[in-house]
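The values are calculated or read from the model by the stated rules, or taken from the named source; none is laboratory data. Computed from a prediction, not measured in an experiment: that's the story for all the values here. Using ideal geometry, Cβ is built from the backbone for each residue, glycine included, and neighbour counts are taken over all protein chains shown. Ligands, DNA and RNA are excluded from the accessible area calculation, which covers all protein heavy atoms including side chains. Shrake-Rupley method; radii C 1.70, N 1.55, O 1.52, S 1.80 Å.
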Amino acid sequence: MTNQQIADIFGKDNEDLFLHVCKKVPKDSLKIPSPGFIEDVFSLSNRNLQTLRSLKQLYGNGRLAGTGYLSILPVDQGVEHSAGASFAKNPLYFDPENIVRLAVEGGCNAVASTFGVLGMVARKYAHRIPFIVKINHNELLTYPDKYDQIMFGTVRDAWNMGAVAVGATVYFGSEQSDRQITAVAQAFDEAHQLGMATVLWCYLRNNAFVRDGKDYHVSADLTGQANHLGVTIQADIVKQKLPELNGGYQALNMGNGHYGKMDEKMYTDLCTDHPIDLCRYQVLNGYAGRIGLINSGGASEGEKDLQEALRTAIVNKRAGGSGMISGRKAFQRPFADGIHLLNSIQDVYLDKLITIA
């Protein structure tokens with residue numbers, strides 16, 4: 001997809017998406033994705049040589065190889081959202097091989113999925129595309145529904161199947177978050193010892209985060225802090241939802257409420273309401289870009305999927321993020337259409353005219 005084709009999808013009403021300049025947190029204050037990102041950032045860290053090699057494999061595969069950007073296909077929804085609900089639109093993906101094939105033929109850097117999915121085809125594909133094994137899940141079969149992340153296997157299991165990285169989720173803000181943080185921190189330490197990279201889904205879960213009809217699960221300030229906690233337990237890459245608003249701390253501290261700690265300068269000096277500035281605040285909380293931020297593609301909405309995916313990619317790239325991890329928008333459509341969507345996302349990161357704001 002060319003720059004003109006991308007621009008035509010959005011029209012003149014969205015020109016600011018391409019022209020906006022971040023003035024609150026200028027790009028010069030960040031570590032920007034680049035071909036030398038691993039050497040510039042991680043070679044200075046405590047990551048061992050095997051982990052550096054694994055990171056090189058992640059950043060060095062697919063259509064975005066050598067750019068400093070990532071395009072990852074995540075398909076863990078068979079557990080997280082139930083297999084029927086996830087694959088009814090396209091039963092092709094009940095077969096694990098088609099999940100991995102989509103990532104390979106879609107030019108992705110890596111495929112992220114469950115122990116079962118990746119283990120079933122490991123001997124055929126582990127050497128062809130980097131595996132990110134998701135080690136914990138919300139199993140979603142307990143009645144009534146509960147929101148908790150439990151381990152589904154061990155780090156060594158992932159290592160034995162040839163995985164380059166492990167992925168995990170922490171539901172920050174939930175009643176179980178303390179245990180999840182501890183368990184994932186220990187797992188990430190073991191993964192690094194074995195030479196694997198680590199990817200953390202830094203999601204928020206608490207009913208209190210919905211106030212007066214606004215969902216602060218996607219506020220820049222709360223998701224930014226979730227990112228900061230994620231990099232504290234040494235995630236090498238952070239996955240986060242694209243922010244849609246700000247002021248989560250402010251809302252939770254109105255009236256008699258008291259929650260967390262904040263400074264008004266978070267909103268006046270470090271951010272505006274522009275979507276690129278909101279995302280930049282997420283990047284800032286990942287050690288000023290030293291830990292790559294990949295934003296999720298979200299649910300499939302049908303005809304709007306391509307435009308929504310491209311918008312997320314543009315906002316992420318211009319904010320200083322490191323790529324996109326898009327699943328349902330790709331696999332809940334015909335195979336060839338899924339490849340086209342993944343390639344279109346990648347085209348944003350390959351487009352030199354779409355620059356850091």
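Side notes on the structure shown:
- Single residue of the stretch 171-187 satisfying the filter (open to solvent by less than 70 Å² (accessible area, probe 1.4 Å), not in a helix (DSSP H, G or I) and not hydrophobic (A, V, I, L, M, F, W, C)) that is farthest from L278 (Cα to Cα): Q176
- Answer residue from the stretch 90-145, given it is touching a Lys or Arg at 6+ places or on another chain (Cβ under 7 Å) and of a type in the set (A, V, I, L, M, F, W, C) and is least open to solvent (accessible area, probe 1.4 Å) among those: A112
- One residue from L293, L252, L306 being in contact with a strand residue (DSSP E or B) (Cβ under 8 Å, 6 or more places away or on another chain), of a type in the set (A, V, I, L, M) and surrounded by fewer than 24 Cβ atoms within 10 Å (Cβ to Cβ): L252
- Selection of first residues in the stretch 114-132 that are without any contact (Cβ under 8 Å) to a residue 12 or more places away in the chain and of second residues that are part of a loop (DSSP other than H, G, I, E, B) and open to solvent by 30 Å² or more (accessible area, probe 1.4 Å), restricted to Cβ pairs under 9 Å at least 6 apart or on distinct chains, gives the following pairs, ordered by first then second residue: R123/M161; R123/G162.
- Among the conditions (1) surrounded by fewer than 14 Cβ atoms within 10 Å (Cβ to Cβ); (2) at pLDDT below 95; (3) of a type outside the set (D, E, K, R), S82 misses just one, which is (1).
- The stretch 188-200, subset open to solvent by less than 10 Å² (accessible area, probe 1.4 Å) and in contact with a strand residue (DSSP E or B) (Cβ under 8 Å, 6 or more places away or on another chain), residue nearest to N138 (Cα to Cα): L200
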